[in-house]
Amino acid sequence: MVSCTSISDAYPVEAQLLRTFVAVARLGSFSGAAVELGYTQAAISQQIAALESDLKVPLLNRRPVSTTEAGARLLEHAEELLLRLDVARADVTRMTQPPAAALVVGATPLAAGSSGLALALSALRRRRPRLDVTVQVGARANVLTSVARGEFDVGLTDGLTAPGDPLSEFSSLTAVGISQAGVAIVLSCDHPLAGRAGLRLSDLADARWIEASDVTSPLSEIRRLAGVDGFRPAFRYDGSDTMSLIRLAAAGHGLTLLPETALPPTGISAVRVTSPRVVHRVDFVHGSLREGSPAAELAALLAPRG
């Protein structure tokens with residue numbers, strides 16, 4: 001006898017229920033998720049209840065709204081699963097669409113300001129003078145998610161890593177390193193450490209720091225790389241302009257860590273990080289690239305030589 005399994009038995013967790021769960025967990029609010037997803041609050045509650053019934057375990061504490069231990073574990077998988085669905089949808093859409101007359105590039109602030117991107121886009125526009133190009137700047141997580149969903153054709157992201165090591169990116173995307181550079185601490189000219197030949201990150205754990213995660217690596221990442229506790233923010237900068245962040249550090253509001261390639265040649269005090277061995281890496285990220293498309297041409301232009 002052949003046993004038939006229903007779709008609901010084989011796939012008990014529906015994508016929409018996962019999207020609702022992720023929204024509630026991220027926002028910490030049933031009403032906030034209802035507004036974001038376009039449902040009533042009652043419908044959101046019903047979907048969460050249905051998901052908990054399918055999995056036979058509570059996923060969310062209600063007051064205040066937070067994930068249970070099981071919910072936190074599901075959240076780790078749900079975001080990646082939903083992203084894979086978005087990548088698949090975007091890939092199929094690219095295959096069926098006519099050749100694009102426009103190119104949308106997502107980029108983090110430091111990657112957007114790199115000379116490599118500017119030169120590659122200049123070469124691309126010479127080849128395709130009628131191509132409309134848009135560069136949208138945003139935080140790394142937003143760039144990666146938008147590329148995965150097909151909202152951006154390609155993206156450039158940046159971060160800190162050991163020399164030769166990749167950045168931690170979404171497994172659903174292809175990431176190619178296009179450049180890496182040394183990093184330096186920007187500080188005021190009258191700072192006691194100004195003028196040093198080099199600095200160890202671990203020696204700066206108790207210093208005053210600027211949290212500027214929309215521009216440079218978050219302090220939590222710097223703390224992990226240094227291998228010591230500390231690196232607490234004394235000042236927060238929520239903007240995305242690199243020069244504004246540099247001026248804040250130079251004026252003594254706190255330290256910041258930036259690639260040496262992003263620093264002006266004069267007018268500031270910056271000391272290179274000598275320990276641990278860490279570099280600033282820029283990655284070109286993309287989903288599937290249609291042969292002959294502007295995105296594929298840009299990938300070829302950005303590819304490291306040699």
Out of 134, 93, 145, sole residue that is of a type in the set (Val, Ile, Thr), out of contact with any Cys (no Cβ under 8 Å at 6 or more places or on another chain) and buried (at least 19 other Cβ atoms within 10 Å of the Cβ): 145
Criterion violated by residue 236 - all others in (1) open to solvent by 40 Å² or more (accessible area, probe 1.4 Å); (2) within 22 Å of the chain's Cα centre (by Cα); (3) at pLDDT below 95 satisfied: (3)
Residues satisfying the stated conditions in the range 263-296, i.e. of a type outside the set (A, V, I, L, M), touching a strand residue (DSSP E or B) at 6+ places or on another chain (Cβ under 9 Å), over 30 Å from residue 245 (Cβ atoms) and open to solvent by 40 Å² or more (accessible area, probe 1.4 Å): 288
Leading residue by the ranking (nearest to the chain's Cα centre (by Cα)) among those in the range 193-206 that are surrounded by fewer than 17 Cβ atoms within 10 Å (Cβ to Cβ) and assigned to a loop (DSSP other than H, G, I, E, B): 206
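Among the residues of the range 182-192, write down those that are open to solvent by 20 Å² or more (accessible area, probe 1.4 Å) and either touching a helix residue (DSSP H, G or I) at 6+ places or on another chain (Cβ under 8 Å) or of a type in the set (Val, Ile, Thr) (or both).
Hit for the range 182-192 is 189, nothing else.
Matching residues to (1) at pLDDT 95 or above; (2) more than 12 Å from the chain's Cα centre (by Cα); (3) over 23 Å from residue 238 (Cα atoms):
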site: 138; (1), (2), (3): no, no, no
site: 143; (1), (2), (3): no, no, no
site: 146; (1), (2), (3): no, no, no
site: 149; (1), (2), (3): no, yes, yes
site: 159; (1), (2), (3): no, no, no
site: 164; (1), (2), (3): no, yes, yes
site: 170; (1), (2), (3): no, no, yes
site: 174; (1), (2), (3): no, yes, yes
site: 178; (1), (2), (3): no, yes, yes
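Conditions tested, residue by residue: (1) at pLDDT below 95; (2) in a loop (DSSP other than H, G, I, E, B).
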{"site": "214", "(1), (2)": "yes, yes"}
{"site": "220", "(1), (2)": "yes, no"}
{"site": "224", "(1), (2)": "yes, no"}
{"site": "245", "(1), (2)": "no, no"}
{"site": "265", "(1), (2)": "yes, yes"}
{"site": "271", "(1), (2)": "no, no"}
{"site": "277", "(1), (2)": "yes, yes"}
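Could you tell me which residue of the range 4-63 is farthest from residue 77 (Cα to Cα), considering only residues that are among the aliphatic types (A, V, I, L, M), modelled with pLDDT under 90 and over 26 Å from the mean Cα position of the chain (by Cα)?
Taking the candidates together, the pick is 7.
The values are calculated or read from the model by the stated rules, or taken from the named source; none is laboratory data. From a predicted model like this one, the values you see are computed outputs, not experimental measurements. In this analysis, Cβ positions are derived from the backbone assuming ideal geometry, glycine residues included, and neighbour counts consider all displayed protein chains. Ligands, DNA and RNA are stripped out before the accessible areas are found, and what is left, the full protein with its side chains, is counted by its heavy atoms. Shrake-Rupley method; radii C 1.70, N 1.55, O 1.52, S 1.80 Å.
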